[in-house]
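Peer 1: Before I ask anything, let me first share the structure, which is written out below as structure tokens.
The values are calculated or read from the model by the stated rules, or taken from the named source; none is laboratory data. Predicted, not measured: the structure shown is a model, and the values here were computed from it. Heads up, the Cβs are rebuilt from the backbone with ideal geometry, glycines too, and the neighbour counts pull from every protein chain shown.
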Amino acid sequence: MTLDEIKQLIDFIRERELSEFEIERADFKLRIKSGVVVHAVAPPVGPAPGPVATIPAVAASPAPAPAAAEAIGDDLAIVTSPIVGTFYRSSEPGAKAFVEVGDTVRKGQVLCIIEAMKLMNEIDSEHDGEVVSIYVQNGQAVQYGERLFAVRLKA
């Protein structure tokens, strides 16, 4: 990973006010936490050790802890992330997404998966209704309380 790519990641993290970010590739692992100096280190596997870089941590403002689903107005509920992790719209790459915009969902229906520390956590709908918006992209890192879906409640 080049220095420019690392700078782009830092900008990405600042824009989304993430408190923690981790990426791992075959030749290195990079972890950034707010308020902590972070190291990118190549794993000991391989003939030549990779570069070690120290970059300043990104400061994130603490966000209030919202509920897993908050009602907006009389007919719209926002489903938020209950954990920090990676958002997935389907159970595996190439599989059909759990829900699409316009789909009708029922209480308890799986909307997505959030991977946290190698554990797959199913996020269920807390309402009956219609998915009107999906706020995050597949494979995107999400924070606790970040908006995931908007569901128009059934009357």
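Peer 1: Looking only at segment 52-105, how many residues end up being surrounded by 12 or more Cβ atoms within 10 Å (Cβ to Cβ), acidic (Asp, Glu) and modelled with pLDDT under 90?
Peer 2: Result for segment 52-105: 2.
Peer 1: Across segment 120-155, which residue is nearest to residue 89 (Cα to Cα) among those that are of a type in the set (Ser, Thr, Tyr) and without any contact (Cβ under 8 Å) to a residue 40 or more places away in the chain?
Peer 2: The first filter runs over segment 120-155 and keeps only residues of a type in the set (Ser, Thr, Tyr), leaving 125, 133, 135, 144.
Adding the requirement that they be without any contact (Cβ under 8 Å) to a residue 40 or more places away in the chain leaves 133, 135.
Details: 133: 13, 135: 11 Å.
Only one residue fits best here, namely 135.
Peer 1: Name, by its number, the condition in (1) in contact with a Phe, Trp or Tyr (Cβ under 9 Å, 6 or more places away or on another chain); (2) loosely packed, with under 15 Cβ neighbours inside 10 Å; (3) not acidic (Asp, Glu) that does not hold for residue 108.
Peer 2: Here residue 108 meets the rest and fails (1).
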